[in-house]
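Quick notes on the structure that follows.
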Amino acid sequence: MATAGPYVGRFAPSPTGALHFGSLVAALASWLDARRAGGAWLLRMEDLDRPRVMPGAADAILRQLEAFGLAWDGPVVYQSARLQLYEAAIRKLDVHAYPCSCTRRELEDSALAIDGSRIYPGTCRNGPAPGKPPRALRLRTDDGPIRFIDRVQGEISQALQSAVGDFVVRRADGLYAYQLAVVVDDAAQGVTDVVRGADLLDSTPRQIYLQRLLGYASPRYLHVPVAANAAGEKLSKQTHARDAVAQDVPRALRFLGLDPPAGPPREILAWAAQRWDPIRLPRARAVVVAEG
């Protein structure tokens, strides 16, 4: 079931560092899509993975967005303050989930999934091996295809069991998994449209599967190409992408198929919001850009 009603979009960065050019592209695309539709643009900090959260990064991201002219609607939401919602979802998934005692090392010989993780072979589907304590909580999948239409990438179909296997919804360290938290948050915030980088395209079928099990409506999806370096690697802190600055806004708009005039960021954004059209975007998962 697709979401209907007034447009509600969101930007959901992880505060593991300041925004770089690639994350500026994602922020701009989601902001432009919301403003073009006359909708709301929410801001959510995905700070569940506490070991990776960098002190001060959330505030730095807020300052960057303000400098870019990207104003959000309503209060900023922090995942770390929403643990009760995720636990309630876990309880609702009870009959579909099972404890898993497998370690990462024990899965090293499993086939690679499309997103680079390991396809879970179902080792603990009938219960952990005797004497092995449960660690993570996995969600049972099947091979019925999950299909959806992405507004840029077109029709996507994935059979979860063969493509990724039974996936984790609560990690061995007790933290709620990204796939679960993002689904619960989008539903709780009434998000109708998810606009984000194509590096998350392969996660979407898992999220739709969770939405169906939890009785949530599915939002519309639009996955923009990610900005990549000359080696074809997604720009990130791991690839030493520099922090984005306000002067990067025109370059990011050109990446998104617009040719903005000169001017201060807010005027450029007002111009771009009137001309935003995802049809200008290539049906590609990544586009190489020159850093600088």
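Among DSSP beta bridges whose residues both lie in the chain, state the antiparallel percentage, nearest 5.
Details: 17 of 33 bridges.
Restricted to the chain, the bridges split so that about 50 percent are antiparallel.
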Task: Evaluated over segment 61-119, the Cα radius of gyration and Dmax, each in Å - done: 19.1, 48
TODO: Compute the Rg/Rh shape ratio of segment 123-208: radius of gyration over Kirkwood radius, all on alpha-carbon atoms.
DONE: 1.02
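Among rounded, prolate and oblate, which fits segment 71-156 when a ≥ b ≥ c are the square roots of the eigenvalues of its C-alpha gyration tensor, a/c under 1.5 means rounded, and a/b larger than b/c means prolate?
On the way: a/c = 2.03, a/b = 1.31, b/c = 1.55.
Since a/c reaches 1.5 but b/c is at least a/b, the shape of segment 71-156 is classed as oblate.
Summarise the accessible area of the chain (1.4 Å probe, protein heavy atoms) by the percent that is carbon and sulfur. Display every interim value, and only then the final one.
Numbers: 7190 of 13530 Å².
The nonpolar share, carbon plus sulfur, comes to 53 percent.
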Task: Nearest-ten-degree value, helix 57-68 long axis tilted from longest Cα axis of the chain - done: 30
TODO: Just check segment 1-135 against the gyration tensor rule for me: Cα atoms, a ≥ b ≥ c as the square roots of the eigenvalues, rounded for a/c under 1.5, and otherwise prolate or oblate depending on whether a/b exceeds b/c.
DONE: prolate
Task: Distance in nm between pseudo-label sites at Ser162 and Asp243 (7 Å out along the Cβ direction from Cα) - done: 4.8
Open item on the list: Nearest 10 degrees is fine. How inclined is helix 178-188 to the longest principal axis of the chain, computing both from alpha carbons?
Closed with: 60
TODO: Treat every Asp and Glu Cβ in the chain as -1 and every Lys and Arg Cβ as +1, leave all other atoms uncharged, and give the resulting dipole magnitude about the Cα centre to the nearest 20 debye.
DONE: 300
Open item on the list: For Cα extents along the principal axes in Å, pick the label among (1) 60, 39, 36; (2) 67, 40, 35; (3) 52, 41, 35 that corresponds to the value derived from the coordinates.
Closed with: (2)
- [ ] Give the Debye-formula value of log10 I(q)/I(0) at each listed q (0.28, 0.33 Å⁻¹), with one equal scatterer per alpha carbon of segment 120-167, two decimals each.
- [x] -1.02, -1.18
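If you roll a 1.4 Å probe over the heavy atoms of the protein chains, what accessible area per residue do you get for the chain, in Å²? Don't skip to the end; give the middle numbers.
Details: 13530 Å² over 292 residues.
Counting only protein heavy atoms, the per-residue value for the chain is 46 Å².
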TODO: Measure nothing but the geometry: give the 0 to 90° angle between the long axis through the Cα atoms of 83-92 and the longest principal axis through the Cα atoms of the chain, rounded to 10°.
DONE: 50
- [ ] Output the antiparallel fraction of DSSP beta bridges having both residues in segment 158-292, as a percent to the nearest 5.
- [x] 20
- [ ] Please work out, to two decimal places, the log10 of the ratio I(q)/I(0) at q = 0.15, 0.29, 0.33 Å⁻¹ from a Debye calculation in which every Cα of segment 155-203 carries one identical scatterer.
- [x] -0.54, -1.17, -1.16
Open item on the list: Pick from Gln179, Gln247, Gln207 the residue whose mean-square fluctuation is largest in a GNM of the chain, springs joining Cα atoms under 10 Å.
Closed with: Gln247
Task: Distance between segment 132-189 and segment 21-89 - C-alpha centres, whole angstrom - done: 21
Open item on the list: Output needed: Cys residues of the chain lacking any neighbouring Cys C-beta below 4.7 Å, sorted by number.
Closed with: Cys102
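The values are calculated or read from the model by the stated rules, or taken from the named source; none is laboratory data. Everything numeric here is computed off the predicted structure, so don't read it as measured data. When we count neighbours, we look across all protein chains shown, and the Cβ atoms used for this are built from the backbone with ideal geometry, even at glycine. These area figures cover heavy atoms from the full protein model, side chains too; ligands, DNA and RNA do not enter into them. Shrake-Rupley method; radii C 1.70, N 1.55, O 1.52, S 1.80 Å.
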